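In what follows, a single structure is set out as structure tokens and then discussed.
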Amino acid sequence: MKEVGLLIAGIVGKTNVGKSTFFCASTLAPAKTGPYPFVTIEPNRGIASIRVNCVCKDLNVKDNPRNALCINGIRWVPVELIDVAGLVPDAHKGKGLGNKFLDDLRQADGFIHVIDAAGATDANGNLCPPGTRNPSDDVKFLENEITMWMLGILMKDWDRIVKGVSQLKEDPVVMLTERLTGLMISRKHILTVIKAHDEFNKRVDQWTESDLRFFVDCLRRESKPMVIAANKIDLPKAETNIAQLKSEFKGYTVIGCAAEAEFALRQAAKKGLISYMPGDSEFRILDDGKLSDKQKEGLKKIGDILKSWGSTGIQESIEAIYKKELKMMPVFPVEDANKYTDHKGNILPDVFLIQQGTTARGLAYRIHTDLGEGFLYAVDAKTGQKISEDYQLKDRDVVKIVSAKGVKG
């Protein structure tokens, strides 16, 4: 069971498009990679980081964080990624590793959909000449597979839901939530979809098959936001295809990526060969003499990618799913609202990622159950003002929680 408030992004897509390379480049966690289908069978889990502006410079203090590095006023906040097995057509019917893939996705709150932007892998993940496959088809294919999977789960209990509503006068939203909660779908997701579309302003026993399919498709978009990571930007046809993707899928964030280049940069930085931070638009070679001719040639090619695209796109993709789509923002809990410290004197020791709309009491529960249950009030450390339990926290708030069961930060 994942920690309350801690959201997980799933790296998804058809097989052999660079999902595991994306995962390795993001987390430096070990994962098997290779130019053939179904390299990944068991899901890989790892920790990446997203960049947020720390409040240390605003408050004119030198922080000493415990759970996230702060470099030049930028906090690198840990987030969890899960890389699952690749998808093939009709996965929702059990083809390929479909059942396993989809079951592994239950715990994901949002998706980074890695696609082959060059169109150099066919529908089943086999290599083909660049430009052979239309990447747009991969986006539609994955949307359909996930929708059909979710629809199948709902349909297994649909007769009971209809009977409960029509005969027993049960609340349809309650019944739908109970059925779909295992997919990380909440009451709020369901209500948002129902209120947004006139088609659902009737009893569920009057929904047509078309209504039900549309409902699930809308629910997928609402509950599982997605970013398209258009990988392999160094191959022919990629730039043209990415422009087409951006034009066709305006509801999605589409980011050109070079997973292999990012992985090479992260490994070189780890070995002390270059100076590079994820998301940078350039790197600096620290000791030219330690590099082989092959390494120099490889770094030159990567440098050309960065000049053309501005970055490898990996860090931008991770931040897009967490910040833009999942609407996560940082807050800084402290125990001393005057000194911004914990009980050990650490200045701005922690940063928590919370979703927009999280209340002060919600943050208290996020820190510790006892803190939430005993919540009395909170203090905005920037202003010194008391804030109530239903106060919705803002981006980069610094907050002290006062609880009948103790004060923690």
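The set of residues in region 97-139 being touching a Pro at 6+ places or on another chain (Cβ under 8 Å) and at pLDDT below 80 consists of ASP104 alone. Among the residues of region 347-384, just one is over 24 Å from the mean Cα position of the chain (by Cα), over 14 Å from LEU59 (Cβ atoms) and touching a residue at least 40 places away in the same chain (Cβ under 8 Å), namely VAL379.
Could you check, for region 192-199, whether at least one of its residues is farther than 30 Å from ASN241 by Cβ, hydrophobic (A, V, I, L, M, F, W, C) and in contact with a Ser or Thr (Cβ under 9 Å, 6 or more places away or on another chain)? Yes, the conditions are met somewhere in region 192-199. May I ask you to verify whether LEU348 is surrounded by fewer than 17 Cβ atoms within 10 Å (Cβ to Cβ) and of a type in the set (A, V, I, L, M)? Criteria not met by LEU348.
Considering only residues in region 103-154 that are within 16 Å of the chain's Cα centre (by Cα), among the charged types (D, E, K, R) and in a helix (DSSP H, G or I), the one that is farthest from VAL84 (Cα to Cα) turns out to be ARG106. Scan LEU191, LEU180 and give me the residue that is assigned to a helix (DSSP H, G or I), crowded, with 18+ Cβ neighbours inside 10 Å and aliphatic (A, V, I, L, M). So the residue among LEU191, LEU180 that is assigned to a helix (DSSP H, G or I), crowded, with 18+ Cβ neighbours inside 10 Å and aliphatic (A, V, I, L, M) is LEU180. So which residues in region 45-69 are in contact (Cβ under 8 Å) with a residue 60 or more places away in the chain, within 22 Å of ARG266 (Cα to Cα), surrounded by 17 or more Cβ atoms within 10 Å (Cβ to Cβ) and not charged (D, E, K, R), if there are any at all? Across region 45-69, the qualifying residues are ALA48, SER49, ILE50, VAL52, ALA68. When the residues of region 41-76 are filtered to those that are touching a Lys or Arg at 6+ places or on another chain (Cβ under 8 Å) and farther than 25 Å from GLY384 by Cβ, the one that is modelled with the lowest pLDDT is ILE41.
If you check LYS344 against the conditions, is it without any contact (Cβ under 8 Å) to a residue 24 or more places away in the chain and either assigned to a loop (DSSP other than H, G, I, E, B) or in contact with a helix residue (DSSP H, G or I) (Cβ under 7 Å, 6 or more places away or on another chain) (or both)?
Numbers: without any contact (Cβ under 8 Å) to a residue 24 or more places away in the chain: yes; either assigned to a loop (DSSP other than H, G, I, E, B) or in contact with a helix residue (DSSP H, G or I) (Cβ under 7 Å, 6 or more places away or on another chain) (or both): yes.
It is true that LYS344 is without any contact (Cβ under 8 Å) to a residue 24 or more places away in the chain and either assigned to a loop (DSSP other than H, G, I, E, B) or in contact with a helix residue (DSSP H, G or I) (Cβ under 7 Å, 6 or more places away or on another chain) (or both).
Scanning region 235-252 for residues that are at negative phi, of a type outside the set (A, V, I, L, M) and crowded, with 18+ Cβ neighbours inside 10 Å returns ASN241, TYR252. For region 282-314, taking the residues that are hydrophobic (A, V, I, L, M, F, W, C) and farther than 20 Å from ALA243 by Cα, the one that is surrounded by the fewest Cβ atoms within 10 Å (Cβ to Cβ) is identified as LEU286.
The values are calculated or read from the model by the stated rules, or taken from the named source; none is laboratory data. Keep in mind that what you see is a predicted model, and the values were worked out from it rather than measured. Glycine gets a Cβ as well: all are built from the backbone with ideal geometry, and neighbour counts include every protein chain shown.
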